[in-house]
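Novice: This structure is in structure tokens; I'll ask about it shortly.
Each value in this text was obtained by applying a stated rule to the coordinates, not by laboratory testing. What you are looking at is a predicted structure, and each value in this text was computed from that prediction instead of being measured. Here Cβ is always computed from backbone atoms with ideal geometry, including for glycine, and neighbour counts include all displayed protein chains.
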Amino acid sequence: MELAPDLQLPSIPEVTLRALDACQRDEHYRTISDIVAVDTALVARILALANSALYRPETPIRSVEQALLRLGLRRFHTLLLTAALRQLLFELGGDQWQQLRDFWRHSLTTALTAKALATLTRYQEPDEAFMLGMLHNIGELIAIKTPG
């Protein structure tokens, strides 16, 4: 059986939230990997990223803990946020895609501007500014998803 390469499996929301919380509290890699290990979709995403050509692994990564060590907490945190946002997109209707496209365009523009300003002002975490720019209007995404 062959799976489509772009198949997006849904994650368990509770696991995603617990893992995000553990990242925020700077928990040990082992603790975070234990949380994530119960969610097949998250494990698949993490291992796929850690073994991707982006990281040019000499040896394949075969555990969540190894993947977390390779990716680092910041990149892993971003992966978790992406998984959480994807959950919102699974049930969109056809008429909502235009709104979604506009939302992402606005969010990306804001994120790039925030990162540029953070860099210009020598803010220590420009990637954090980028992420905050992406998430600044998350309520709109929820509104798009919620039938009104």
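Novice: What FRET efficiency would be calculated for the residue pair Arg30, Leu132, taking the C-beta separation as r and a Förster radius of 30 Å, to the nearest 0.05?
Specialist: Taking R0 as 30 Å, the efficiency between Arg30 and Leu132 is 0.60.
Novice: Right, something else. Using a Förster radius of 35 Å, what is the FRET efficiency between Thr109 and Ala44 based on their Cβ-Cβ separation? Nearest 0.05, please.
Specialist: Step by step, r from the Cβ atoms, then E = 0.70.
Novice: Also, I was wondering about something else. With a point put 7 Å past each Cα toward its Cβ, work out how far Arg122 is from Ala53 in nm, to one decimal.
Specialist: About 3.9 nm separates the two model spin labels.
Novice: Separate question: At 0.36 nm per residue, and after removing the present C-alpha to C-alpha distance, how many nm does the segment from Leu85 to Asp102 gain when stretched out fully?
Specialist: Numbers: separation 17, 0.36 × 17 = 6.12 nm, distance 1.56 nm.
Taking Leu85 through Asp102 to full extension adds about 4.6 nm, to one decimal.
Novice: Just how far, in whole angstrom, is the stretch 14-83 from the stretch 94-139 if you go by their alpha carbon centroids?
Specialist: 23 Å
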